[in-house]
Amino acid sequence: MNQIKIGKFIAERRKEHGFLQKDIAARLGVSEKTISKWECGVSQS
């Protein structure tokens, strides 16, 4: 899978379960900006 496909998958599952980016960020201990970047397929290198 490429970054864009993974990002779309994350966003779809998050929305499917009714979570906001901030909810996922809090559970994973990362920032909302990080979740946004993951969902947009932006590299975290």
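The values are calculated or read from the model by the stated rules, or taken from the named source; none is laboratory data. Predicted model only: the values in this text are computed from it and were never measured. FYI the Cβ positions are ideal-geometry reconstructions off the backbone, even for glycines, and counts take in every protein chain you see. SASA here: full protein model, heavy atoms, side chains in, ligands and nucleic acids out. Shrake-Rupley method; radii C 1.70, N 1.55, O 1.52, S 1.80 Å.
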- [ ] Please work out the average accessible area per residue across the chain, using the 1.4 Å probe convention, and give it in Å².
- [x] 78 Å²
Task: Matching label, mean projected area of the Cα convex hull in nm² computed from the structure shown, candidates [x] 3.0; [y] 3.6; [z] 4.4 - done: [x]
Task: Length added when fully stretched, residue 4-residue 16, from 0.36 nm per residue minus Cα-Cα - done: 2.5 nm
TODO: Please work out how much accessible surface residue 9 shows to a 1.4 Å probe, ignoring ligands, DNA and RNA, in Å² rounded to 10.
DONE: 100 Å²
- [ ] Let me have the 222 nm mean residue ellipticity of the chain computed from DSSP H runs of 4+ only, each contributing -39500 (n - 2.57), with the sum over all residues rounded to the nearest 500.
- [x] -20500 deg cm²/dmol
- [ ] Count charges around residue 3 for me, please; just the other residues with Cβ under 14 Å from its Cβ, Lys/Arg as +1, Asp/Glu as -1.
- [x] +2
TODO: Provide the net charge surrounding residue 29, with neighbours chosen by a C-beta distance below 14 Å and charges set as Lys +1, Arg +1, Asp -1, Glu -1.
DONE: +1
Open item on the list: For a quick check of understanding: with a 1.4 angstrom probe and all protein chains in place, what accessible area in square angstrom does residue 10 have, to the nearest ten?
Closed with: 50 Å²
